[in-house]
């Protein structure tokens, strides 16, 4: 139950700041003593006796992700709804304002999410049963019958009363006051690039540099994937830039002065159509609706021109190896440095198109006004139609979003729906996160320290943010990491290629076969 298992963690690590007594400017209140009194819902499948939980629970569950009541009934991919895919888990992993959880706290939060983030831990704690004598009798009858069936049909082991609340060791709820860490000094061992190099530069200069780096006069090329499917590349010039950020999370610091050689990069994120030339059976599947679906599928992520998602790093590397064999080009995932250099296109701002508060509606599919479409009435026209609610309350419309802009995209959108950066690259901010070749290693970035080795251990970095993420999580420097085998609902990839070519069909050296060898 939230009150027994999760609230003690919140009391220890969060309430010292997340306390309504700090005033209107304080972050969302997470203290345990605020019961909701105004809960209501328009969602199909709502229960009239619902809403018997705390403000703390309501606020915290907004930052996790879980299946809908009638979501995809197929087997989930491993870790599809794991704590590491939630904004709450990612925020805490980054050391949110100096918060460092103990192992027990991590376990409690991850288990809560694994159990679908409930408030009530047992049937007997739901007010319908614990406050209503008739309901309590009914529950006792059901439990008795369930116990009898378990004794008869479970071949071995104990037959516990699933509604019993076990005794557990007390958890220390003494508040831990976090200490904001000191940001490391920039450019350790090197000069400030702004004083020694021609970076940053404007869009006109970016285009000129791209043309100067052309190959045989060309800054684009097209790869044939077979059966009429193609993949467009654009030329990315070389250069030197300050990698990282002075404003973002601490894992983006300290900045380093990084040099990048010219390369080719896919104009778009790899689409479902393109990926299925390599793995025909792949499905990016759907994003669950809230409330009952009444036979309709969730929100489609599987159309041919949408970017592929639920694809692991290993599968993305496999696609690169397949494309190398097919085309003769040496194809790979980008390093973190290559990705950030290409995304910035000469800029030192959070987005290639401007500051963190810039209007992104023409340039990126981020977590904007369209996320309100999750608050939908799915019972229209005798359960045959669905549309977003008009003026939903906070209990139906709860996903964090940026309400300043409407970028026109809800879930993933087809390649080319938004303006490219000066080098002709689309969707580097938003739409889907993109796998990189690099492991999630500490900064300052160093390309020769083993982090880009394909055989290195540890999580692999994803970049760029997605349709589900607010702008601060979609900047040129923001980074997350996932295990190389994990297939994440909003993570895809794009490829890069080197200049030199192999001969299609010939054997490649071990070095050339390894994505990451250039």
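Points to keep in mind about this one:
- Sole exception among (1) buried (at least 19 other Cβ atoms within 10 Å of the Cβ); (2) in contact with a helix residue (DSSP H, G or I) (Cβ under 8 Å, 6 or more places away or on another chain); (3) within 29 Å of residue 485 (Cα to Cα) for residue 386, by number: (3)
- Filtering the stretch 419-437 for residues that are under 20 Å from residue 321 (Cα atoms), in the same structural domain as residue 231 (by TED's automatic domain parsing) and part of a loop (DSSP other than H, G, I, E, B) leaves an empty set.
- Any chance residue 492 is at pLDDT 95 or above, assigned by TED's automatic domain parsing to the domain that holds residue 222 and more than 17 Å from residue 89 (Cβ to Cβ): yes
- Flag if residue 237 is at pLDDT 95 or above and either in the same structural domain as residue 98 (by TED's automatic domain parsing) or surrounded by 14 or more Cβ atoms within 10 Å (Cβ to Cβ) (or both): yes
- When residue 377 is tested against (1) surrounded by fewer than 20 Cβ atoms within 10 Å (Cβ to Cβ); (2) assigned by TED's automatic domain parsing to the domain that holds residue 215, only condition (2) is not met.
- Counted residues, the stretch 51-73 - those being surrounded by fewer than 17 Cβ atoms within 10 Å (Cβ to Cβ) and either under 14 Å from residue 29 (Cα atoms) or free of Cβ contacts under 8 Å to residues at least 24 places away in the same chain (or both): 2
- Scan of the stretch 207-249 for residues that are assigned to a loop (DSSP other than H, G, I, E, B) and in contact (Cβ under 8 Å) with a residue 12 or more places away in the chain, ordered by number: 213, 214, 219, 227, 237, 238, 244, 245, 246, 247, 248, 249
- Scanning the stretch 44-71 for residues that are touching a strand residue (DSSP E or B) at 6+ places or on another chain (Cβ under 8 Å) and not in a loop (DSSP other than H, G, I, E, B) yields 54, 55.
- If you go through the stretch 338-356 and keep only what is surrounded by fewer than 22 Cβ atoms within 10 Å (Cβ to Cβ), touching a residue at least 24 places away in the same chain (Cβ under 8 Å) and farther than 16 Å from residue 206 by Cα, you end up with just 356.
- Here residue 64 meets each of (1) more than 24 Å from residue 293 (Cβ to Cβ); (2) modelled with pLDDT of 95 or more; (3) touching a helix residue (DSSP H, G or I) at 6+ places or on another chain (Cβ under 6 Å) with one exception, condition (1).
- So residue 440, is it surrounded by 16 or more Cβ atoms within 10 Å (Cβ to Cβ), modelled with pLDDT of 95 or more, more than 27 Å from residue 232 (Cα to Cα) and touching a strand residue (DSSP E or B) at 6+ places or on another chain (Cβ under 7 Å): yes
Results for (1) in a loop (DSSP other than H, G, I, E, B); (2) outside the structural domain of residue 16 (by TED's automatic domain parsing); (3) closer than 25 Å to residue 289 by Cβ, shown as yes or no for each residue.
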| residue | (1), (2), (3) |
| --- | --- |
| 73 | yes, no, yes |
| 76 | yes, no, yes |
| 79 | yes, no, yes |
| 84 | no, no, yes |
| 97 | no, no, no |
| 106 | no, no, no |
| 116 | yes, no, yes |
| 129 | no, yes, no |
| 135 | no, yes, no |
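The values are calculated or read from the model by the stated rules, or taken from the named source; none is laboratory data. Here the structure is a predicted model, which is why all the values come from computation and not from measurement. Ideal geometry is used to build each Cβ from the backbone, glycine not excepted, and the neighbour counts take in all protein chains shown.
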